[in-house]
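Written below as structure tokens is the structure these notes are about.
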Amino acid sequence: MNDGDVFLLQNTRYRKEETKNEENFSKELAELADLFVNDAFGSAHRAHCSTVGVTEYVEESVAGYLMGKELQFLGNAVNNPVRPLVAILGGSKVSSKISVIDNLLDKVDKLIIGGGMAYTFMAAKGQEVGDSLLEEDYIEYAKEMMAKAEKNGVKLLTPIDTVVSKEFSNDAPYHTVELGGIADDEEGLDIGAKTCELYADAIKSAKTVVWNGPMGVFEMSNFAKGTIAVAEALANIEATTIIGGGDSAAAVNQLGYGDKMSHISTGGGASLEFLEGKELPGVAAANDK
């Protein structure tokens, strides 16, 4: 190769050794270079050959500029935020964000819950959730988290009204019900207008906001209003606004608010694990820390 040349490999996932972090493939990768730069934050939570194994066989391993930016924004938000710090968590399941909720309750001033995971918290409050997504095994956990929020002086917000339908379809009839008014044959698909106002008001005074997970089934236009409302609220405040990758990033970009956010993470899984307080293997392997 000559100076300025670029040698592009095929996706390392095509090699079965990659995800097993096997020694021989790590050595093969290391033989191609003298210096390893990892700029793939979206894979930093995986201990694979191309993220961790290769670092054992090159003299120097460093984090790239994008990786540095991710760690700076997420690190400051979690460990040294300008307060008030508000976290917004949505998405489908409480079970996928157990450690995130637990960790953030030690750090935030307000925690806003939306999306499918909200119904487990609502059920934990004794509210009827009908046929909505519900993780019954995590109701006690939700109660524990609400108790922890109260103990820590964290304001934990859950929906006060809900957009419901009898079918999981954008073409199905839908309406809004007040707190606890979800019928047995209805499921919640978005937060209601009053909840949108409540959440927007809670965001107004924030100086740092971390958002991971949509407020409803934003892929369907009739159930995207809650996610739009949160995105608009973030776009109109003077604060550091961090979108934690995955569906949140997709929603913000699709809605046209991407350029209004301080930082949109490139790694959904990696940002979640970082918010859990975990050390990311791909970051730990860099020797320029």
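Details
- Compared with the direct C-alpha span, the chain from SER99 to GLU219 gains 40.6 nm at full extension, assuming 0.36 nm per residue.
- nm² value of the averaged projected area, convex hull over the Cα atoms of region 5-113: 9.3 nm²
- Equivalent-ellipsoid semi-axes of region 114-159, from the Cα gyration tensor, Å, largest first: 19, 11, 8
- Relative contact order %, the chain, counting alpha carbon pairs below 8 Å whose residues are six or more apart: 21 percent
- Of all aspartates and glutamates in the structure, the ones whose alpha carbon falls short of 14 Å from that of LYS110, not counting any fewer than 8 places away in one chain, are ASP102, GLU150, ASP201.
- Shape parameters for region 158-289, alpha-carbon atoms, Rg then Dmax in Å: 16.9, 57
- Of all DSSP beta bridges in region 83-238, antiparallel share, percent nearest 5: 45 percent
- For region 115-207: rounded, prolate or oblate by the Cα gyration tensor [a/c cutoff 1.5]: oblate
- Coupling constants for region 195-204 follow from the phi torsions by the Karplus curve (6.51 cos²θ - 1.76 cosθ + 1.60, θ = phi - 60°), and in residue order they are 5, 4, 5, 4, 5, 4, 5, 5, 7, 3 Hz; glycine and proline get x.
- Take the Cβ atoms of ASP171 and GLN254, set R0 to 25 Å, and the FRET efficiency comes out at 0.80.
- DSSP beta bridges in region 1-120 [antiparallel fraction, %, rounded to 5]: 0 percent
- Once C-alpha pairs closer than 8 Å and six or more residues apart are averaged by separation and normalised to the residue number of region 131-228, the relative contact order reads 26 percent.
- Convex hull of region 83-238 built on C-alpha atoms - directionally averaged projected area, nm²: 8.2 nm²
- Cα convex hull volume per residue for the chain (Å³): 153 Å³
- Dipole in debye (nearest 20) - region 96-198, about Cα centre, beta carbon charges: Lys, Arg +1; Asp, Glu -1: 680 debye
- Rounded to the nearest 5, the antiparallel percentage of DSSP beta bridges internal to the chain is 30%.
- Spin-label model, GLU232 to VAL82: label points 7 Å out along the Cα-to-beta-carbon direction sit 2.5 nm apart.
- Anisotropy class of region 219-279 from Cα gyration tensor, a/c 1.5 cut: oblate
- Student exercise, the chain dipole from Lys, Arg, Asp, Glu Cβ charges, in Debye to nearest 20: 840 debye
- Cα-based Rg / Dmax (Å) for region 71-115: 10.9, 29
- 3J(HN,Hα) along region 161-171: 8, 9, 8, 10, 8, 8, 9, 8, 8, 5, 8 Hz, from the Karplus curve 6.51 cos²θ - 1.76 cosθ + 1.60 with θ = phi - 60°, whole Hz, x for Gly and Pro.
- Between LEU32 and ASP3, the modelled label-to-label distance comes to 2.3 nm, taking each label 7 Å out from Cα in the direction of the beta carbon.
- With θ taken as phi - 60° and the Karplus curve 6.51 cos²θ - 1.76 cosθ + 1.60 applied, the whole-hertz 3J(HN,Hα) list for region 222-237 is 6, 10, 9, 4, x, 5, 4, 4, 5, 4, 5, 4, 5, 5, 10, 10 Hz, x standing for glycine and proline.
No lab work stands behind these numbers, since they all come straight from the coordinates. This one's a predicted model, so the numbers in the text were calculated from it and none came from an experiment. Every residue, glycine as well, gets a Cβ built from its backbone with ideal geometry; the counts of neighbours run over all protein chains shown.
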